[in-house]
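I have a structure here, written as structure tokens, and I will follow up with some questions on it.
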Amino acid sequence: MLMTVARFESRPQARQELLDLARELTVRSRAESGCLDYGCYQDIANGDLLLIVGYWADQEALERHYQSAHFRELVSQFVGLVLEALPVVSLYDVVEVDRL
């Protein structure tokens, strides 16, 4: 299982528009084959900071996500709404551990 974490900082005047796009991306991404979970999170202390976290069954599912029409369409609209055009994106291999 893979986890992606994308960090965005919206321009203050564009926060609501970016949140609306992120919500639409979340709904569409959750419907994709191989998507185990997908969510958008807004920082409590700084509402302009957003995290988008996705869990994917495997690399192929993640690649399909990146190539999907809705991903390309919606993310292309982020460019004018965020402080930096390229978000910080991290990819993790999820390591399962027993709970204590």
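The values are calculated or read from the model by the stated rules, or taken from the named source; none is laboratory data. Computed from a prediction, not measured in an experiment: that's the story for all the values here. Because the Cβ atoms are built from the backbone with ideal geometry, glycine has one as well, and the counts that use them run over all protein chains shown.
Identify, please: which residue in region 2-18 is among the aliphatic types (A, V, I, L, M) and more than 11 Å from GLY80 (Cα to Cα) and is, among those, farthest from the chain's Cα centre (by Cα)?
Within region 2-18, the match that is farthest from the chain's Cα centre (by Cα) is LEU2.
May I pose another question? Within region 35-53, work out how many residues are touching an Asp or Glu at 6+ places or on another chain (Cβ under 7 Å) and within 16 Å of ASP93 (Cα to Cα).
So the count comes out to 0.
Moving to a separate point now. Taking VAL75, is it modelled with pLDDT under 95, exposed (fewer than 12 other Cβ atoms within 10 Å of the Cβ) and not polar (S, T, N, Q)?
Here the answer is no, as VAL75 does not meet what is asked.
Hey, can you tell me all the residues within region 25-45 that are among the acidic types (Asp, Glu) and surrounded by 14 or more Cβ atoms within 10 Å (Cβ to Cβ)?
If the condition is that a residue be among the acidic types (Asp, Glu) and surrounded by 14 or more Cβ atoms within 10 Å (Cβ to Cβ), then GLU32 is the only one that fits.
List pairs: first in region 13-35 and more than 11 Å from PHE78 (Cα to Cα) and in contact (Cβ under 8 Å) with a residue 24 or more places away in the chain, second outside any loop (DSSP other than H, G, I, E, B) and polar (S, T, N, Q), Cβ under 8 Å, 6+ apart or cross-chain?
CYS35/SER29
Still on this structure, I have one more. If you go through region 59-76 one residue at a time, do you hit one that is more than 14 Å from the chain's Cα centre (by Cα) and within 15 Å of ALA14 (Cβ to Cβ)?
So far as region 59-76 goes, no, none of its residues is more than 14 Å from the chain's Cα centre (by Cα) and within 15 Å of ALA14 (Cβ to Cβ).
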